[in-house]
Structures are given as structure tokens and as C-alpha cells.
Amino acid sequence: MNKVLVTGGAGYIGSHTCIELLHSGVDVVVVDNLSNSNLKALERVESITGKSITFYEVDIRNVEEMDKVFVAHSFYAVIHFAGLKAVGESVAQPLKYFDNNIYGTQVLLQTMKKHEIFNLVFSSSATVYGEPASVPITEGFPLSAVNPYGRSKLVIEDMLRDLNVSDSRWNAILLRYFNPAGAHVSGLIGEDPQDIPNNLMPYISQVAVGKLEYLSVYGGDYDTHDGTGVRDYIHVVDLAKGHLCALEKLKSNPGVVPYNLGTGIGYSVLDMLAAFEQAAECKIPYQIVDRRAGDTAICYADVSLTKADLGWQAVLGIEEMTGDGWRWQSQNPKGYED
Ligand code: NAD
Ligand code: UD1
């Protein structure tokens, strides 16, 4: 377990996971094309941990360059974060998502097979549950795609199941993330959206710091305790630690298994807004507007399988998510450009 390849390791979740890997003594090699990230994130990971990372600025679709990385290193496993994740963009440009996410993963898997590396941890998403009929959501719920981004996750999950059928040496832990939030407690790394954020937490942070004027709350008439949408927000450091548990699980040759990474607790948009106001000690203006197409009212995880099989559970709550998120945003109002 001493050397791991992290694709997309310069990104939001990847950089936080690199910290946990380095802290636990794993040698980390990162491949990232920096299409949605900044090398400063990895420099800061190195300064937080006092350890170094081997970095390759490589696109996972580049067959020759990927091969060179696998020739240079002998990996125990790959943690695969690299991918595009903007739902709206995926609806407008599906081919971009199929090429980057699906073809990119195909190249990665071909390279792994060539070099006989059969252990993978994959960044899946709660989006694979489509519009769930009830909550909490267990891993056995029906899967469906409601947009091309979600389809790319489902296709990759299926590709991994097919590989295992063809050759039982293939193991993949499919980590289905709910709603990642927050930042490292140091305030040195965090989420740094390149454009106007689509997701709630980065949007709220940017209103709090004065970069955006007000939050549009998408729908105030859902059947929830205050009428706004409910989600399972999970601290990115808890999420990062889940990847270490997944690496450990791979040792038992588990095949292809999905696990939910969430807290099992749902908070509404207005709950998150109020918690952020407390953390930032300011009022955050908002307006309730129409529902956003494709949103469901309530989504939260059943995490009992993850607890039982991976020995993982979230320990950080809404105060840490908003407090740490605010520390990152207020110390770096322009993200890594500061
Ligand atoms: P991110 O954009 O911050 O990180 C993704 C990283 O992958 C970036 O550094 C980007 O430069 C890199 N990348 C993209 N395409 C690449 C390619 N072809 N070759 C090499 N590098 C490439 O996103 P994140 O929030 O850290 O998400 C990581 C993974 O988790 C993604 O696969 C995403 O779909 C998944 N996920 C994220 C969320 C979320 O809300 N953040 C939720 C569920 C699942
Ligand atoms: C979204 C994606 C999902 C993806 C996930 C992580 C959609 C429909 N779903 O999930 O596929 O896996 O991000 O990238 O895009 N909200 C507002 N105002 C905002 C932003 C969000 O009120 O400006 C609300 C939403 O209506 C929702 C909640 O906040 O109730 C969370 O939204 P968001 O952070 O975008 O996450 P999801 O919609 O759960």
C-alpha cells in the first residue's frame, strides 16, 4: 500500500485526500492536467504535511504519457478523481464529458491492465441514484442517469463491473459521494471554482466574502421542514479519510463494491445558510426563486454498509464544514490566485 497514483490529485477532493495519504505514510504520485485546478494546491499540501509529492502534468487521455508514469512507478492502487463535474455544462456539451470522463477512464484502465495494477478507488457520486424514490438511500437502490455527467459515472461503474467479470483480479471500490463541503482546517486548501459556482456551499462562501451579491435559493415550496431542498453535506476531510479505508479494503480482494460516503443527516439550504452566517459572523442575502430543473427535494445517505465494511464514518459536523469553509474563503478570497 506504499505507493498510490492519484489522478486529479490537484483538485478539491484530491488535494485533501493527498494530505491524508501522506499523513499515513503513503507515497503519492499525482497525475493532473490542471484543467480545473492549480499547482499551488499541491505545494500547500506539501507544506502542510512536510512531505513531497511526485507530480506529472498529464492528461489521463494521453496513452503514451500515462504509460511512462506506470513505467516509472510501481503502484499498489489508483485513486481516480480526474474528471469534469459541472452538471449544466455536461447537458450542453455531452461529448466533452464522454471524452474526458469515459474515454479518460478507459485509457487509465488499459494502462493499469498493461502494467498489471488491478486495484482502483473510483470517485462516483450520489447522482447515480437519479431521482431516488425514498430516503435514506442505500447502495442497493435502482441506478439511473439524469444528465450526461451522471451517465459518465454510471458507465464507468458498469465498465468496472464488466472488467471484474472478465478477470477477477480487478477490484474497485466505488465511492458514491453525497455533497462535499468545507476545507482543510489550516485554511490553506479548499474549493476554488474557476467560474461562478454551481454548487451551494461555494456559492454561499462567495456571497459571504462579497464576490457575489446574493444567493438564489432554488425553490421554497418543497415538502421539507422549511420548504428548501435537503442534502447530505459531508466534510471534505471526512470524505478524504474514506479513501484510506477504501485502500485498506482493497487488500481483501473485494471485487467491485459501491459505498455511500455521506453523514446520513440531511440539512436544508436555509440550515446551511444559517450555519454559514454564524461561522462568518455576517448576514448572507438571499432570494427564493423557482426550483432548479433536475433537483430532488430530499437526498441523504444510509451509511450503515460503509460503517460495517469500511469501518468509516463521518465525524465532522455542520459547524466544521461551514467554519473551515469560511476560513479558506476568507483567507483566500480569490482562491489560489491570491
Ligand atoms: P475538481 O475539478 O476540483 O478535481 C478534478 C481534478 O481532475 C482537477 O484537478 C482537474 O484538473 C483534473 N482533471 C480533469 N480532467 C482531467 C484529465 N482528462 N486528465 C487529468 N486530470 C484531469 O473536482 P472535485 O470536486 O475534486 O471532484 C473529484 C471527483 O469527484 C470528480 O470525478 C467528481 O466528478 C467527483 N465528485 C465530486 C463531487 C463534488 O461535489 N465535488 C460530488 C460527487 C463526485
Ligand atoms: C449537484 C448535482 C449533482 C452532483 C453534485 C456534486 C444538479 C441537479 N445536481 O448536486 O449531480 O453530483 O452537485 O457536484 O446539479 N442550491 C440553491 N442555490 C444555489 C445552488 C444550490 O438553492 O445557488 C440548492 C439546490 O437546489 C440543492 C442544494 O442547494 O437543494 C444543493 O445543491 P448543489 O450544491 O448544487 O448539489 P446537488 O444539487 O445536491
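Counting heavy atoms of the protein chains only and a 1.4 Å probe, report the per residue accessible area for segment 27-137 as a whole number of Å². Can you show the working numbers first?
Working: 4870 Å² over 111 residues.
So segment 27-137 comes to 44 Å² accessible per residue, rounded to a whole number.
If one computes the Cα centroid of segment 109-163 and of segment 41-62, what distance in Å separates the two points? Taking the Cα centre of segment 41-62 as reference, the centre of segment 109-163 is 26 Å away.
Which is the longest stretch in the chain that no exposed loop site breaks, taking sites as GluC sites (Glu not before Pro) with a DSSP loop state and at most 12 other Cβ atoms within 10 Å?
1-115
Helix 63-72 and the longest principal axis of the C-alpha atoms of the chain enclose an angle of approximately 70°. Per residue, the convex hull spanned by the Cα atoms of segment 255-338 amounts to 173 cubic angstrom.
Helix 269-280 sits at what angle to the longest principal axis of the chain, using alpha carbons and giving 0 to 90 degrees rounded to 10? Between the helix axis and the principal axis of the chain, the angle is about 90 degrees.
When you restrict to C-alpha pairs under 8 Å that are six or more residues apart and normalise by the size of segment 123-250, the relative contact order lands at 22 percent. Between the Cα long axis of helix 39-49 and the first principal axis of the chain there is an angle of about 90°, rounded to the nearest 10. If R0 equals 22 Å, the separation of the Cβ atoms of Val165 and Asn253 corresponds to a calculated FRET efficiency of about 0.90.
Solvent-accessible area of the chain (1.4 angstrom probe, protein heavy atoms only): carbon and sulfur portion equals 49 percent. Here the alpha carbons of segment 33-176 define both size measures, Rg and Dmax, at 16.4, 48 Å. Summing Lys, Arg as +1 and Asp, Glu as -1, what charge do residues with Cβ under 13 Å from the Cβ of Thr7 carry, Thr7 excluded? Spelling it out: positives minus negatives among the neighbours equals -3.
For Lys241, a cut-off of 19 angstrom between C-alpha atoms picks up these aspartates and glutamates, skipping any fewer than 8 places away in its own chain: Glu20, Asp27, Glu46, Glu191, Asp232, Asp302, Asp309, Glu319, Glu320, Asp324.
Across the chain, C-alpha contacts under 8 Å between residues 6 or more apart give a mean separation that, scaled by the residue count, equals a relative contact order of 19 percent. By the Kirkwood approach, averaging reciprocal distances over each pair of separate Cα atoms, segment 183-338 gets a hydrodynamic radius of 16.8 Å. Using only the alpha-carbon atoms of the chain as identical scatterers, what base-10 log of I(q)/I(0) does the Debye formula give at q = 0.08, 0.11, 0.12, 0.15 Å⁻¹? The calculated log intensity ratios at q = 0.08, 0.11, 0.12, 0.15 Å⁻¹ are -0.35, -0.68, -0.82, -1.34. Calculation over all alpha carbon pairs of segment 180-230 in 5 angstrom steps from 0 returns a P(r) of 4, 17, 22, 22, 17, 10, 6, 1 percent. Checking the table Lys85/Lys211; Lys51/Lys85; Lys251/Lys307; Lys3/Lys334; Lys40/Lys211 against a 25 Å threshold on Cα-Cα, which pairs fail? Long pairs (Cα-Cα over 25 Å): Lys51/Lys85; Lys3/Lys334. Given q = 0.12, 0.18, 0.19 Å⁻¹, what are the Debye log10 I(q)/I(0) values for segment 134-205, with equal point scatterers placed on the Cα positions and solvent ignored? One equal scatterer on each Cα of segment 134-205 leads to -0.55, -0.97, -1.01.
The values are calculated or read from the model by the stated rules, or taken from the named source; none is laboratory data. Note that the structure is a prediction, hence the values are computed from the model and not measured. Counting neighbours? That spans all protein chains shown, and the Cβs are built from the backbone with ideal geometry, glycine included. Heavy atoms of the whole protein, side chains included, go into the accessibility calculation; ligands, DNA and RNA do not. Shrake-Rupley method; radii C 1.70, N 1.55, O 1.52, S 1.80 Å.
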